[in-house]
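Inspection log for the structure reproduced underneath, given as structure tokens.
The values are calculated or read from the model by the stated rules, or taken from the named source; none is laboratory data. Here the structure is a predicted model, which is why all the values come from computation and not from measurement. Cβ: placed from backbone, ideal geometry, glycine included. Neighbour counts: every protein chain shown. What goes into the accessible areas is simple: the full protein's heavy atoms, side chains included, and nothing from ligands, DNA or RNA. Shrake-Rupley method; radii C 1.70, N 1.55, O 1.52, S 1.80 Å.
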Amino acid sequence: MTRVLTIALDGMGGDHGPETVMGGAEIALVRHPNIRFVIFGNEAALHPYLEKYPRVASASEVVHTDVAVSMNDKPSQALRRGRKVSSMWRAIDAVKEGKAQAAVSAGNTGALMAMAKVILRTIPNVERPALAAIWPTARGESVALDLGATVGADAGQLVQFAIMGEAFARVIFNLDRPTVGLLNIGEEEVKGTEEVKAAAQMLRDNGLSMRFHGFVEGDDIAKGTVDVVVTDGYTGNIALKTAEGTARLIVGYLREAMASSLLSKIGYVLARGAFKTLQTKLDPRASNGAVFLGLNGLVVKSHGGTDDVGFASAIDVAVEVASADLVAKIATDVEKAKGLTVPAGKEETQQRESEAVLS
């Protein structure tokens, strides 16, 4: 019998709020008829879309909330104003309480990360969570992390990211031993920051069963040289936004070129199928949905500006990782590396720092 999964949705998150969330839920239900939703948000705002999408209405419980986290709120502001009462907080809390197996939000990334860490806490021996997403490549797909949860990371945190990213890749790609690479400015061992070089040394010398490839460069991401690309959140977020912008630029150039002359228009008609295939591969909506790894629960971040198709992709990711019990797999892997990456007491110190903004 197929397991029924419950996904908590932040109904007010993102640039388009309920319109995108409810439309995405409709698409996701077609793909996954075994899922149910708990949708948190303003009932008056959600009601028109419940009428528009009766399938979603019949598969959902709606919980009214008065507060929605703004896309411009600072994490500390969102925590103070939205603690226990916002749609974002309530969606994450549903995971903690066992009422949902994963939460999905298109809302403010910083606020989502801060709330998720305060509510769910990190897995033992994990210092900071990492944001991991699927990245289209020339040979298929890879996992990239961190994409913005931790701006700057020391060597131990990078090793943690590698361990968690490998577990994510095993689940998503059904691989026994994914290859893992550290993003650097060159493949040579002498290049890179001290933290990156130290992390590479730790991954090579500490008895982990990981298939560590070594350093990879920026162009290796698109090549698909490794299954998992590891970096800090600052560099990873820049790389992600650059790739998304480049994809949009290419699609724009193609449209301009195909409309530039009568012959070009005829050529487009003749090659329409090939162009549609290319456009599909370059569509960021297909790989939308990043997972906060390292928490005692699953939270998926959708791009704030996506549409219903993109939000449905984020729900797809939530369903996949929840079905595979990703949290337990990560906990097992980091336990094996206990003492390698986190000095005693350091994760507790970080937790107290994140909670201090509530006082």
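For the stretch 1-102, count the residues as N, evaluate 2.2 N^0.38 Å, and divide the Cα radius of gyration by that value, please.
1.05
Which of Leu182, Leu262, Val159 sits closest to the plus end of the dipole of the stretch 143-281, meaning its Cα is farthest towards the positive end, when Lys and Arg get +1 and Asp and Glu get -1 on the C-beta?
Toward the positive end, the furthest listed residue is Leu262.
Which lysines have a Cα less than 20 Å from the Cα of Lys52, not counting those fewer than 8 places away in the same chain?
Qualifying lysines at Cα under 20 Å: none.
So which of Lys96/Lys241; Lys191/Lys223; Lys241/Lys301; Lys117/Lys191 end up more than 25 Å apart, counting from Cα to Cα?
Exceeds cut-off: Lys96/Lys241; Lys117/Lys191.
Over the chain, what is the relative contact order in percent, taking alpha-carbon pairs closer than 8 angstrom and at least six residues apart?
The value is 24 percent.
Which order do Glu97, Glu244 take by accessible area at a 1.4 Å probe, largest first?
Largest to smallest exposure gives the sequence Glu97, Glu244.
Once the principal axes of the Cα atoms of the stretch 140-193 are found, what is the range along each, listed largest first in whole angstroms?
33, 25, 18
By how many nm would the segment from Arg81 to Glu194 grow when fully extended, if each residue of separation counts as 0.36 nm and the alpha-carbon distance is taken off?
That works out to 36.8 nm of additional length.
Run the 1.4 Å probe and let me know the accessible area of Thr306, rounded to the nearest 10 Å².
10
Before rounding to the nearest 500, sum -39500 (n - 2.57) across all DSSP H runs of length at least 4 in the chain and divide by the residue total; then give [θ] at 222 nm in deg cm²/dmol.
-15500 deg cm²/dmol
Say R0 is 22 Å: what FRET efficiency, to the nearest 0.05, do Met71 and Ala44 get from their beta-carbon distance?
0.60
For labels at Glu256 and Arg55 in the simple 7 Å Cα→Cβ model, what's the distance in nm?
3.9
When the chain is modelled as a GNM with alpha-carbon springs shorter than 10 Å, which of Val196, Val67, Val251 fluctuates the most?
Val251
Accessible area of the chain with a 1.4 Å probe: how many percent of it is carbon plus sulfur?
53
So which aspartates and glutamates pass the test for Lys265, namely a Cα distance under 20 Å, with those fewer than 8 places away in the same chain ruled out?
Partners within reach: Glu256.
Computed from these coordinates, which is semi-axes √(5λ) of the Cα gyration tensor in Å: [x] 31, 29, 18; [y] 34, 24, 19; [z] 38, 27, 17?
[x]
Work out the length of the dipole vector of the chain about its Cα centre, built from +1 on the beta-carbon of each Lys and Arg and -1 on the beta-carbon of each Asp and Glu, and round it to the nearest 20 debye.
600
So with the 1.4 Å probe, I'd like the accessible area per residue for the chain, rounded to whole Å².
45
For an R0 of 51 angstrom, estimate the FRET efficiency from the Cβ-Cβ distance between Arg36 and Ala271 and round to the nearest 0.05.
Efficiency, rounded to the nearest 0.05: 0.75.
How big is the charge dipole of the stretch 138-276 about its Cα centre, in debye rounded to the nearest 20, if each Lys and Arg gets +1 on its Cβ and each Asp and Glu gets -1 on its Cβ?
It comes to approximately 920 debye.
Given a cut-off of 15 Å, what percent of all Cα-Cα pairs of the stretch 83-126 lie beyond it?
Cα-Cα pairs in the stretch 83-126 separated by more than 15 Å: 38 percent.
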